[in-house]
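So the structure is just underneath, and the comments pick up after that.
The values are calculated or read from the model by the stated rules, or taken from the named source; none is laboratory data. In this text the structure is predicted, and so the values were computed from the model without any measurement. FYI the Cβ positions are ideal-geometry reconstructions off the backbone, even for glycines, and counts take in every protein chain you see. In case anyone asks, the SASA skips ligands and DNA or RNA and just uses the protein heavy atoms, side chains included. Shrake-Rupley method; radii C 1.70, N 1.55, O 1.52, S 1.80 Å.
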Amino acid sequence: MLMKYAHHFHAYQPGDIVHVKDGDGSRPIEYEERRSPVAIRIRGEEVRGENWTRAMLYSYEHIADTLSRMEGVSIDIEPFTFLMLLRYRRRAFEDTVELLQRFDAVPTTPFHPIVPHLDEFEQRILARVSFDFYAPLIGKKSVIGYWLPEAVITRKTAEIVESSTDRKLVFLLDERQLLYDLPQAKHSCNRYSSSFVFGREWSLSDAFAFNTLDVPGLVERTLSYRDDHKENLGVPYLVFTASDLESLLGNPKQLDRFTAWMDGLEGRGVERVSAMEFVAKKLSGEFRRLDGECSFEMPVKDYSSWSDYFDLSLDGKTSDSRWLGYRRADGRVFAREVGGREVSQLWKVAFTRLFEELNRAVRLGVLRGLAELNARPEEFLVRYARVFFRDYYDHFGLETSMDYVLEPANGDEKALRLGRIYYLMLLANHSCPRFWENLDTRVAFGNVSVMAKALIELMRYFDGSELQGLFIEAYLKLLSFDKLYHLWNLSAMPPLEGWETSWRAWEEALKPEVPNSGYNVVTRAALYVGKRDLRGELRNLIGGYNLDWAVADTGHIPGEVHGDWENRKWCEHRL
């Protein structure tokens, strides 16, 4: 059979940061972690962690052991996730490095933001850092993959990523993002911009991830994509699937299900190759091509993703509405069900806009500070990754000296504080708060906590400067998140059913899910940091708040309720 098969695993954990400790920027950040014990079961064994992130990282040892026996698998691991793996589970880190060096390691954007939602300056920094970070893992391969967080893409973003490397790229996407013009393009090598693109078979991918087909069903569904036309022509074609690496932990038998699925395909004569290997063999001539194959231009819908609310689609394709809170096609704010109640996603509209403003404020401050040092800002901020991810780079023997990092800043150590602040801002842009439907989650708390820290450090850096007021104002917007409804006239946005932009809908969406605070999670997280870090006159910024309500407890994430939490009612932070 000429059918080839590839599976990609995407690995990402945002961490359970509740507070970043002080630092001068010369070392990697240190932080206080959430303590909310939870356990999951894998193959009958209980894996326990002091928080969800730790439990997930511990499980990587089981995953690496299973995948080590596979072929045709590609994997991306978000850099901060990789760094945590190195810090907390060194053996699993080393096994994973060996695995990635043997398989197709796929570079991905650090800190897992929705990349097209960021300013182009941030996009350039992150693209360059992604390739720098993955350099020890991709070796000299001429064709490599690229994974954009949530696969959200635009042509401009693709061009920025392409400009950051001299390798041929394969963007790994979802078939619902692709705009097929030619039927023969299905399962073929297709161009996109200056690169190539593959879209996963989403229904097959979900059937595995959500356990809706047994192993024989998965095998037969895969074989149903047989292309008799290409078989008769002797042209290899690729069936591509993808899922989160954590999908291997969906139930205690999931690892074994994946192994049996792969064995079943092999037994039916289906060769496994990664999407990148498939493209490389097409380009080299080892795999026969259709006339024009690898030259076909595959249109891709801008701002599409692999995990949008597909039921809201008006064109049969995905969008980024999940992270916006409104349907991009018509601007209508919608609601989703959480625990049996309908929750307006209007909070995502405000959360997105707020973080755009905060990113802009931090960028302005950092670039102003670097300009005063006569630094080359983009080059310095790319090199600062060697400080932020120092343990990782040291593991591979790469340059992390202060002379190297500070060369674009003329050796001035003040730049280190600015680099730290900028990377805190990047760290605060994880996509996951807006992935979930309820605002009060550990991941929303983490983003706000880290952003608040960045703003407070800018207040200190520019103490006595006219710029300090800009960062105070930005921090106050975090504290008064509930007031943004009126400030930004959110009631004027069109609702999908008629109630989603009302004041009551806004209040319900922001309601705290913990019994020990009356503040929404954005205010709560900003206060949690402020009561630790605001000193002197700056302390007056939180003088009118009840600091007893500045707790790190949050609601649970719906997708994590299958864990065996010691506190099932809310995601606590034990002191």
Residues of the range 407-519: accessible area per residue at 1.4 Å, in Å²?
36 Å²
Note: the range 378-483 at 20 °C, 1.002 mPa s; Kirkwood Rh on alpha carbon pairs; Stokes-Einstein D in µm²/s works out to 138 µm²/s
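Please tell me which of these pairs span more than 18 angstrom C-alpha to C-alpha: 4/253; 21/531; 141/186?
Details: 4/253 26 Å; 21/531 13 Å; 141/186 25 Å.
In this structure, 4/253; 141/186 exceed 18 Å between Cα atoms.
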About the Cα centre of the chain, what is the dipole size in debye to 20, counting +1 per Lys and Arg Cβ and -1 per Asp and Glu Cβ, all else neutral?
280 debye
Give, in whole angstrom and from largest to smallest, the semi-axes √(5λ) of the equivalent ellipsoid of the range 205-268, with λ running over the eigenvalues of the Cα gyration tensor.
25, 12, 10
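What is the percent of Cα-Cα separations in the range 426-575 that go past 20 Å? Walk me through the numbers on the way to the answer.
Working: 5953 of 11175 pairs.
Considering the range 426-575, 53 percent of its Cα-Cα pairs are separated by more than 20 Å.
Let me know the whole percent of all Cα-Cα pairs from the range 1-156 that are separated by more than 18 Å.
Working: 7798 of 12090 pairs.
Summing the P(r) of the range 1-156 above 18 Å gives 64 percent of all pairs.
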May I ask for the percentage of alpha-carbon pairs in the chain that lie more than 32 Å from each other?
46 percent
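Return a whole-number percent for the relative contact order of the range 1-62, with Cα pairs under 8 Å and 6 or more residues apart as the contact set. Walk me through the numbers before you get to the answer.
Values: 68 pairs, mean separation 14.6, N = 62.
Here the relative contact order equals 24 percent.
Compare the peptides 340-348, 39-47, 507-515, 236-244 by average per-residue count of other Cβ atoms within 10 angstrom and give them in order, highest first. It would help to have the intermediate numbers written out before the result.
Values: 340-348: 20.3, 39-47: 14.8, 507-515: 17.8, 236-244: 22.8.
Ranking, from highest mean packing down: 236-244, 340-348, 507-515, 39-47.
On the accessible surface of the range 11-170, probed at 1.4 Å, how many percent belong to carbon and sulfur atoms?
Numbers: 2110 of 5150 Å².
With neighbouring chains kept in place, the figure for the range 11-170 is 41 percent.
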Run the numbers on the chain and let me know its relative contact order in percent, using alpha-carbon pairs under 8 Å that are six or more apart.
17 percent
Where in the chain are the helices, taken as whole DSSP H runs, whose Cα atoms extend 15 angstrom or more along the long axis and whose Kyte-Doolittle mean reaches at least -1.0?
52-67, 90-102, 120-138, 254-267, 346-372, 414-427, 442-461, 468-479, 521-533
Peptide ranges 414-425, 196-207, 519-530 listed from the most packed, as the mean C-beta count within 10 angstrom indicates
519-530, 414-425, 196-207
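Ignoring ligands, DNA and RNA, please state the percent of accessible area on the range 221-359 from carbon and sulfur, probe 1.4 Å. Don't skip to the end; give the middle numbers.
Numbers: 2370 of 5340 Å².
The C+S portion of the solvent-accessible surface of the range 221-359 is 44 percent.
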Sorted largest first, the Cα spans of the range 258-378 on the principal axes come out in Å as 57, 55, 33
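With a 1.4 Å probe and every protein chain kept in, tell me what percent of the accessible surface of the range 418-575 is carbon plus sulfur. Write out the running numbers ahead of the final one.
Numbers: 3080 of 6000 Å².
Heavy-atom surface of the range 418-575 belonging to carbon and sulfur, 1.4 Å probe: 51 percent.
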How big is the range 185-294 by the Kirkwood estimate over distinct Cα pairs, in Å?
15.1 Å
May I ask you to order 531-544, 21-34, 349-362 by the average number of other C-beta atoms within 10 Å around their residues, highest value first?
349-362, 21-34, 531-544
